[in-house]
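What follows is one structure encoded as structure tokens, with my remarks underneath.
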């Protein structure tokens with residue numbers, strides 16, 4: 001009897017020991033995720049489920065300063081609901097692991113059978129545990145730990161993606177706001193042109209056809225300005241949503257400048273290597289393949305075990321005698337030999353391996369395409385800066401001179417100025433699109449690009465572009481930071497020869513305009 005009691009104790013002790021050995025160390029391990037983020041140029045996380053007082057003080061301080069792209073990402077690291085969701089996902093992954101390494105609870109059975117037509121009853125007590133759980137517990141623990149590592153890679157990839165989303169939203173908002181400011185200036189100038197046309201028409205200097213052309217152009221410009229304003233407001237709302245701001249916190253201010261393109265773009269071959277070695281989504285999928293391959297091997301080895309149990313049973317007979325001893329049950333693999341389980345496990349492994357190959361192919365092609373797109377957009381920016389804008393500025397200068405000597409009408413001058421603004425708008429849009437393309441490339445590479453260290457300065461502010469030529473149109477400083485001149489955006493009305501309020505005719509010709517200014521982003 002002592003041996004049998006010892007068997008029960010041994011059975012329970014072995015189960016507890018195996019369960020203890022298979023336990024995963026507690027904690028969500030945020031430092032490892034922060035190391036993954038830091039290695040890819042992303043800010044680290046505080047990992048607070050609810051914002052602490054220190055975090056809120058930081059957010060308040062940052063919101064009181066101009067909202068740069070970097071500052072927007074840091075605020076999002078503390079405020080974004082998407083990151084709170086990632087924290088919860090890590091907790092769920094931890095719970096799944098804890099469940100995977102736990103042995104099923106012992107099964108206790110009791111039976112009390114009365115003898116028919118006779119005295120006494122038969123009392124049976126039993127304790128049983130699943131044998132398969134005990135046999136595969138170490139392997140399950142190994143798989144669970146590997147899956148937790150995979151989950152951390154996937155969650156770090158999601159956090160990195162949130163940072164890129166915030167940056168993209170910031171560039172989109174600043175660029176869209178620049179366009180809205182330019183469209184507002186054009187609408188103001190076209191309204192001035194329409195008002196002049198009405199005065200000229202009243203004086204009998206132009207036909208009704210030309211008047212309606214100017215009025216239609218002014219109306220079209222107002223529509224364009226309204227649409228651009230709505231787009232800017234929507235972009236700001238999207239940025240606030242991505243960061244996690246609302247109410248008074250959403251009333252921050254930002255610069256109206258964007259960084260200029262980097263001096264030299266990255267080598268696509270280097271970017272492909274970086275993506276293959278450091279893309280967190282690729283690493284997570286690769287870990288998934290390893291896990292499923294290991295799981296398929298375990299399934300093949302245990303395919304014939306089925307449902308097996310070991311236990312101990314004590315039985316008191318009707319005559320009062322007691323019998324007891326170990327028990328065991330095993331499923332006989334006659335009809336079901338586990339073939340379906342093996343095929344399912346192998347199919348999952350093959351599916352994951354195919355997904356990894358597809359992701360690698362997609363990543364390689366996306367890196368090449370993204371690098372080419374960035375290069376083309378950089379060339380477009382240079383074409384605007386070195387060719388289109390200088391040509392448009394020269395057209396305005398020559399048109400101003402000809403209008404001063406009454407060789408062309410004021411409407412031709414206004415049209416030339418409008419086309420110059422359109423060229424500047426295209427330049428600013430090209431820079432916005434360039435940075436959005438770079439961020440898309442960063443997503444694919446899975447890290448910030450090495451060429452970020454080659455930043456060359458900032459674009460001119462919209463107020464500088466809109467300032468009349470003789471006041472603040474020297475762009476030699478466009479490669480440096482700084483605010484605009486703060487001049488009200490009324491450049492068309494302020495141009496020489498544009499005061500026609502007296503007799504509906506051009507004013508006296510002024511002195512010739514100053515020499516051409518330097519172009520945006522050019523060396524000083």
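Please indicate, with yes or no, whether at least one residue in region 170-180 is assigned to a helix (DSSP H, G or I), in contact (Cβ under 8 Å) with a residue 12 or more places away in the chain and under 17 Å from residue 43 (Cβ atoms).
yes
For residues in region 79-93 being in contact (Cβ under 8 Å) with a residue 24 or more places away in the chain and under 15 Å from the mean Cα position of the chain (by Cα), which is nearest to residue 144 (Cα to Cα)?
Ranking the qualifying residues of region 79-93, first place goes to 86.
Quick grid of which residues meet (1) out of contact with any helix residue (DSSP H, G or I) (no Cβ under 9 Å at 6 or more places or on another chain); (2) farther than 29 Å from residue 214 by Cα; (3) in a loop (DSSP other than H, G, I, E, B):
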| site | (1), (2), (3) |
| --- | --- |
| 362 | no, yes, no |
| 378 | no, yes, no |
| 381 | no, yes, no |
| 394 | yes, no, no |
| 399 | no, no, no |
| 417 | no, no, no |
| 420 | no, no, no |
| 425 | no, no, no |
| 435 | no, yes, no |
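Give the residue that is modelled with the highest pLDDT, with candidates limited to residues of region 33-69 that are in a helix (DSSP H, G or I) and loosely packed, with under 14 Cβ neighbours inside 10 Å. Steps first, answer last, please.
Going residue by residue through region 33-69, those that are in a helix (DSSP H, G or I) are 33-38, 53-63, 69.
Among the residues that remain, those that are also loosely packed, with under 14 Cβ neighbours inside 10 Å are: 35, 38, 53-54, 56-57, 60-61.
Details: 35: 85, 38: 84, 53: 67, 54: 69, 56: 79, 57: 84, 60: 85, 61: 88.
Result: 61.
Taking region 312-344, which residues are at pLDDT 90 or above and in a loop (DSSP other than H, G, I, E, B)?
Passing the criteria: none in range.
Within region 193-213, work out how many residues are closer than 23 Å to residue 180 by Cβ and either touching a residue at least 40 places away in the same chain (Cβ under 8 Å) or outside any helix (DSSP H, G or I) (or both).
1
Out of all the residues in region 293-311, which are at pLDDT 85 or above and in contact with a helix residue (DSSP H, G or I) (Cβ under 7 Å, 6 or more places away or on another chain)?
293, 294, 295, 296, 298, 299, 300, 310
Taking residue 403 and the conditions (1) farther than 30 Å from residue 205 by Cβ; (2) in a helix (DSSP H, G or I); (3) touching a helix residue (DSSP H, G or I) at 6+ places or on another chain (Cβ under 6 Å), which numbered condition does it fall short on, given that it satisfies the others?
With (1) farther than 30 Å from residue 205 by Cβ; (2) in a helix (DSSP H, G or I); (3) touching a helix residue (DSSP H, G or I) at 6+ places or on another chain (Cβ under 6 Å) applied to residue 403, the lone miss is (1).
Scan region 204-213 and give yes if some residue there is out of contact with any strand residue (DSSP E or B) (no Cβ under 8 Å at 6 or more places or on another chain), surrounded by fewer than 18 Cβ atoms within 10 Å (Cβ to Cβ) and closer than 30 Å to residue 375 by Cβ, otherwise no.
no
Given the residues 304, 270, which is the only one that is without any contact (Cβ under 8 Å) to a residue 60 or more places away in the chain, more than 21 Å from residue 69 (Cβ to Cβ) and surrounded by fewer than 19 Cβ atoms within 10 Å (Cβ to Cβ)?
304
Does region 253-266 contain any residue that is touching a strand residue (DSSP E or B) at 6+ places or on another chain (Cβ under 9 Å), under 30 Å from residue 115 (Cα atoms) and in contact (Cβ under 8 Å) with a residue 40 or more places away in the chain?
No, every residue in region 253-266 fails to be touching a strand residue (DSSP E or B) at 6+ places or on another chain (Cβ under 9 Å), under 30 Å from residue 115 (Cα atoms) and in contact (Cβ under 8 Å) with a residue 40 or more places away in the chain.
Looking at 182, 190, which one is surrounded by 22 or more Cβ atoms within 10 Å (Cβ to Cβ), under 26 Å from residue 432 (Cβ atoms) and more than 37 Å from the chain's Cα centre (by Cα)?
Within the list 182, 190, the selection yields 190.
Pick from 248, 232, 281: which is under 25 Å from the mean Cα position of the chain (by Cα), at pLDDT 95 or above and either within 30 Å of residue 79 (Cα to Cα) or assigned to a loop (DSSP other than H, G, I, E, B) (or both)?
232
I'd like to check something: does region 294-311 contain any residue that is in contact with a strand residue (DSSP E or B) (Cβ under 9 Å, 6 or more places away or on another chain) and over 30 Å from residue 146 (Cβ atoms)?
Yes, region 294-311 has at least one match.
The values are calculated or read from the model by the stated rules, or taken from the named source; none is laboratory data. If you're wondering where the values come from, they're calculated on a predicted model, not measured in any experiment. All Cβ positions, even for glycine, are placed from backbone atoms using ideal geometry, and neighbour counts span all protein chains on display.
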